[in-house]
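All remarks here apply to the structure that follows.
The values are calculated or read from the model by the stated rules, or taken from the named source; none is laboratory data. In this text, all values refer to a predicted model and were calculated from it rather than measured experimentally. For neighbour counting, all protein chains shown are included, and Cβ atoms are generated from backbone atoms with ideal geometry for every residue, glycine included. When the accessible area is computed, the model is the full protein with side chains, heavy atoms only, and any ligands, DNA or RNA have been set aside. Shrake-Rupley method; radii C 1.70, N 1.55, O 1.52, S 1.80 Å.
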Amino acid sequence: AQSVTQLDSHVSVSEGTPVLLRCNYSSSYSPSLFWYVQHPNKGLQLLLKYTSAATLVKGINGFEAEFKKSETSFHLTKPSAHMSDAAEYFCVVSQAGNMLTFGGGTRLMVKP
Amino acid sequence: DAGITQSPRYKITETGRQVTLMCHQTWSHSYMFWYRQDLGHGLRLIYYSAAADITDKGEVPDGYVVSRSKTENFPLTLESATRSQTSVYFCASSELAGKQPQHFGDGTRLSIL
């Protein structure tokens, strides 16, 4: 069975400071991992994906994530937060078959 | 523009009524999915479809019916709506299952009174 744990339900940062959203996963086999962002009243938008190529994955809007197999982690980072980054972020694992497993989400707040 | 569209965006109905949520995608993706999003439960898979005329249950299928007569459409029907089905519903599609990401619509906010 696979599972995803997002370690923080809420993260608050100041504009211009780094962002770190933490994600740990559990998977029996080599997983694919995704980060999605959800703005209010919108669907989920793909930020980036890891599919067993490079362990450091670059996504849209300056986000990146590093796959660490030894730590079963896939943390999302951004060097400098922008007000428009305020949203909910989901770490998602995909294994064999059609099922995605979603983390519980992390709400990112950006203070001016 | 290509994409995935859901309709209606908002719907209010009464318990016992039948309601159908529409989902249309222009990518010709093989796979389509229906999720519901609720506070405290995250996103849960209701049904999915691997191709036209092929559907399968997800985590929470009770009370829902789907069909897929055409690749581009995947309607979700609540045959007799209950208050517990008040939720935000998301449709998604992907080119392939598993390793490929899913692309989501903007959701339908459904309230059942």
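Looking only at the range A:37-52, count every residue that is open to solvent by less than 50 Å² (accessible area, probe 1.4 Å) and either within 13 Å of A:T72 (Cβ to Cβ) or more than 15 Å from the chain's Cα centre (by Cα) (or both) and tell me the total.
Total meeting the criteria: 2.
So which residues in the range A:36-91 are under 22 Å from A:Q2 (Cα atoms), within 10 Å of another protein chain (Cβ to nearest Cβ) and small (G, A, S)?
Residue satisfying the conditions is A:S52 alone.
So which of B:E59, B:E95 is in contact with a Lys or Arg (Cβ under 9 Å, 6 or more places away or on another chain), open to solvent by 60 Å² or more (accessible area, probe 1.4 Å) and closer than 28 Å to A:Y50 by Cβ?
B:E59
Return the residues of the range A:18-71 that are closer than 19 Å to A:T101 by Cα, part of a loop (DSSP other than H, G, I, E, B) and basic (K, R); say none if nothing qualifies.
Once the filter is applied, which keeps residues that are closer than 19 Å to A:T101 by Cα, part of a loop (DSSP other than H, G, I, E, B) and basic (K, R), the range A:18-71 yields A:R22, A:K69.
Conditions tested, residue by residue: (1) of a type in the set (S, T, Y); (2) surrounded by fewer than 17 Cβ atoms within 10 Å (Cβ to Cβ).
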| site | (1), (2) |
| --- | --- |
| A:R22 | no, no |
| A:W35 | no, no |
| A:A54 | no, yes |
| A:K69 | no, yes |
| A:T77 | yes, yes |
| A:S80 | yes, yes |
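Residues B:Q25, B:Q6, B:Q18: which one is in contact with an Asp or Glu (Cβ under 9 Å, 6 or more places away or on another chain) and either acidic (D, E) or closer than 19 Å to A:F102 by Cβ (or both)?
Of the residues listed, the single one that is in contact with an Asp or Glu (Cβ under 9 Å, 6 or more places away or on another chain) and either acidic (D, E) or closer than 19 Å to A:F102 by Cβ (or both) is B:Q6.
Evaluate the following for B:L45: is it closer than 24 Å to A:F90 by Cα and in a strand (DSSP E or B)? Write out each step before concluding.
Working: closer than 24 Å to A:F90 by Cα: yes; in a strand (DSSP E or B): yes.
When the stated conditions are applied, B:L45 passes them.
So is B:T77 away from chain A (no Cβ under 14 Å), hydroxyl-bearing (S, T, Y), touching a helix residue (DSSP H, G or I) at 6+ places or on another chain (Cβ under 8 Å) and surrounded by fewer than 18 Cβ atoms within 10 Å (Cβ to Cβ) or not?
It is false that B:T77 is away from chain A (no Cβ under 14 Å), hydroxyl-bearing (S, T, Y), touching a helix residue (DSSP H, G or I) at 6+ places or on another chain (Cβ under 8 Å) and surrounded by fewer than 18 Cβ atoms within 10 Å (Cβ to Cβ).
Given the conditions (1) away from chain A (no Cβ under 14 Å); (2) in contact (Cβ under 8 Å) with a residue 40 or more places away in the chain; (3) open to solvent by less than 30 Å² (accessible area, probe 1.4 Å); (4) under 13 Å from the mean Cα position of the chain (by Cα), which single one is not true for B:G105?
(1)
Are there any pairs, at least 6 apart or on different chains, whose C-beta atoms fall under 8 Å, with the first in the range A:20-35 and away from chain B (no Cβ under 11 Å) and the second charged (D, E, K, R), and if so, which?
A:L21/A:D8; A:R22/A:D8; A:N24/A:E71
Could you list, in sequence order, the residues of the range A:72-89 that are outside any strand (DSSP E or B), on the phi < 0 side of the Ramachandran plot and not acidic (D, E)?
Let us first name the residues in the range A:72-89 that are outside any strand (DSSP E or B), namely A:72, A:79-86.
Those still in the list that are on the phi < 0 side of the Ramachandran plot too: A:79-86.
Of everything in the range A:72-89, those that are outside any strand (DSSP E or B), on the phi < 0 side of the Ramachandran plot and not acidic (D, E) turn out to be A:P79, A:S80, A:A81, A:H82, A:M83, A:S84, A:A86.
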